1. Before we move on, is G476 crowded, with 21+ Cβ neighbours inside 10 Å and modelled with pLDDT under 95?
2. Take the conditions free of Cβ contacts under 8 Å to residues at least 40 places away in the same chain, over 30 Å from F392 (Cβ atoms), surrounded by fewer than 16 Cβ atoms within 10 Å (Cβ to Cβ) and among the acidic types (D, E) and apply them to E301. Does it pass?
3. Within segment 62-114, restricting attention to residues that are among the hydroxyl-bearing types (S, T, Y) and under 23 Å from the mean Cα position of the chain (by Cα), which residue is nearest to L29 (Cα to Cα)?
4. Which ones in segment 274-306 are of a type outside the set (D, E, K, R) and either assigned to a loop (DSSP other than H, G, I, E, B) or modelled with pLDDT under 95 (or both)?
5. Is there any pair with a first residue in segment 274-297 that is over 10 Å from G263 (Cβ atoms) and a second that is of a type in the set (F, W, Y) and outside any loop (DSSP other than H, G, I, E, B) whose Cβ atoms are under 8 Å apart and which are 6 or more apart or on different chains, and what are they?
6. Kindly evaluate L325 against the criterion of being free of Cβ contacts under 8 Å to residues at least 40 places away in the same chain and of a type in the set (A, V, I, L, M).
7. Mind counting the residues in segment 111-125 that are outside any loop (DSSP other than H, G, I, E, B), touching a helix residue (DSSP H, G or I) at 6+ places or on another chain (Cβ under 8 Å) and not β-branched (V, I, T)?
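The values are calculated or read from the model by the stated rules, or taken from the named source; none is laboratory data. Since the model is a prediction, treat every value here as computed from it, not as a measurement. Note that we place each Cβ from the backbone using ideal geometry, even for glycine, and neighbour counts take in every protein chain shown.
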Amino acid sequence: MGTVDQLPTVTDSDLLRALREVLPLSAILTEVQARRPYESDGLNSYRAMPRIVVLPANETEVQGVLKACHQLGVPVVPRGQGTGLSGGALPHKEGVLMSLARLNRILEVNSHARTARVQPGVRNLAISEAVASLGLYYAPDPSSQIACSIGGNVAENSGGVHCLKYGLTVHNLLRVRAYLMDGTVFEAGSEGPDAAGFDLMALLTGSEGLLAVVTEITVRLLPKPRKAQALLASFDEVEKAGQAVADIIAAGIIPAGLEMMDGPATRAAEAFVHANYPADAEALLICESDGTEEEVADEIERMRSVLETAGATEIRYSSDEAERLKFWAGRKAAFPAVGRLAPDYYCIDGTIPRRTLGAVLNWMYARSKEIGIEVVNVFHAGDGNLHPLLLFDASIPGDFERTEVFANEILAKCVEVGGTITGEHGVGVEKIDAMCVQFSSDELETFHGVKRAFDPSGLLNPGKAVPALHRCAELGRMHVHHGALPHPELPRF
């Protein structure tokens, strides 16, 4: 049994020889320039050059790569489209980066059962596009859905702007097929209403590629709602908008979408997309209702009443489908829009109880002024999933390090108020030290036990998501809570 700290010495020629037995030469990338695009995922603050990149085109090749690397004791890092934001697909410098982009076929659509069986490299949005003519769609819709892969969504348990009503990835899956590090194949879940034994599919979903490599996924499809309507509610204070979110849920209303943007994010998105956002709002809520004509009319009216009582200064309604999509276009383009405000930004995510939204946001703005790092907020307000964007300039020495400290202070604050350090981006390498804030040593040891049960060799995506106990001990809890969580061992920029 090898560990990431005690890897056997394997020469490049031995590794290449083993890989060439299971892959065509064209599917093995060894030249530096060919490997460079795989240095990082969407969190490009951390980079590492993979030793070799492989591009399997089917399950047999995936299994062959895993078996070969397991026998040689070489780490394997699985990768989807690389849109992740926590460094979950950061390569291992001594390992193989396995891209699943070529496993990109929709294998079967069953309109009667409302399911689709797909390979992991299929784009999220491509599923809905493929079944649109049947009056169906796939509900989870992360902002990167035009590019992100369904396999990556499974790895991170991605959500999206409609996750409040329709759930995260895990709530929209029925079955997965996957391979362990030693090449063993297994299936979890069922297309029936239940499956015997432990819920391994739920365990795999969000496991960040540490337990198995998923090669086939059966997703649940939903009928398109007869009608959808969105409204924009403006507020002159962030805290009022945060309270309005809690009030909507407390009133028993579960909107199809409930998103929040602060003033800087609203103005940046409006300048970028021209979505008809009010430029003077200090906070903006986007609320959506879907269903029958009667259901939508009733829910929109109930939300209007709650929002007015909460202090909304203006409420606008989408008059048709084109305007509804434009409202959402601004929200989905908010990240690139904010990217025009500074040379660089660092996007983190943490989740807090809805009742604490206003207080946590105000703390964040006050801390931002104290340390001189601007923060812009765009997030899934309905489930309290924050996405603070911290603006910095990587060309200024020390600027990223200060930003990283602020990011960890925000994550510690999320835990302090009863929340968690992530909502949908995952832990990866970005939040691995913050795991020491959230979980006790006993809890972390349980996580390690799960990892060992699936991957005794510890070769599948090593060094991600769950910190070693000695790492937490070295950091020290007091230092963690003060945000001093740099990653000196990880290469940056």
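1. Details: crowded, with 21+ Cβ neighbours inside 10 Å: no; modelled with pLDDT under 95: yes.
No; evaluated as a whole, the condition is false for this residue.
2. On the way: free of Cβ contacts under 8 Å to residues at least 40 places away in the same chain: yes; over 30 Å from F392 (Cβ atoms): yes; surrounded by fewer than 16 Cβ atoms within 10 Å (Cβ to Cβ): yes; among the acidic types (D, E): yes.
It is true that E301 is free of Cβ contacts under 8 Å to residues at least 40 places away in the same chain, over 30 Å from F392 (Cβ atoms), surrounded by fewer than 16 Cβ atoms within 10 Å (Cβ to Cβ) and among the acidic types (D, E).
3. Residues of segment 62-114 among the hydroxyl-bearing types (S, T, Y): 83, 86, 99, 111.
Filter once more, keeping what is under 23 Å from the mean Cα position of the chain (by Cα): 83, 86, 99.
Numbers: T83: 20, S86: 24, S99: 11 Å.
Step by step, filter segment 62-114, then rank; the result is S99.
4. If we filter segment 274-306 for residues that are of a type outside the set (D, E, K, R), which is where we start, we get 274-279, 281, 283-287, 289, 291-292, 296-297, 300, 303, 305-306.
Once the filter is applied, which keeps residues that are of a type outside the set (D, E, K, R) and either assigned to a loop (DSSP other than H, G, I, E, B) or modelled with pLDDT under 95 (or both), segment 274-306 yields H274, A275, N276, Y277, P278, A279, A281, T292.
5. A275/F327; N276/F327; L285/F235; I286/F327; I286/W328; E288/W328
6. Working: free of Cβ contacts under 8 Å to residues at least 40 places away in the same chain: yes; of a type in the set (A, V, I, L, M): yes.
Yes: the conditions hold for L325.
7. Going residue by residue through segment 111-125, those that are outside any loop (DSSP other than H, G, I, E, B) are 115-118, 123-125.
Going one step further and asking which of them are touching a helix residue (DSSP H, G or I) at 6+ places or on another chain (Cβ under 8 Å), we end up with 116, 118, 123-124.
Checking the rest, the ones that are also not β-branched (V, I, T) come to 116, 123-124.
Count: 3.
Yes/no matrix, rows are residues, columns are (1) modelled with pLDDT of 95 or more; (2) within 24 Å of A230 (Cα to Cα); (3) not basic (K, R):
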position	(1), (2), (3)
R316	yes, yes, no
D320	yes, yes, yes
A334	no, yes, yes
A342	yes, no, yes
E370	yes, no, yes
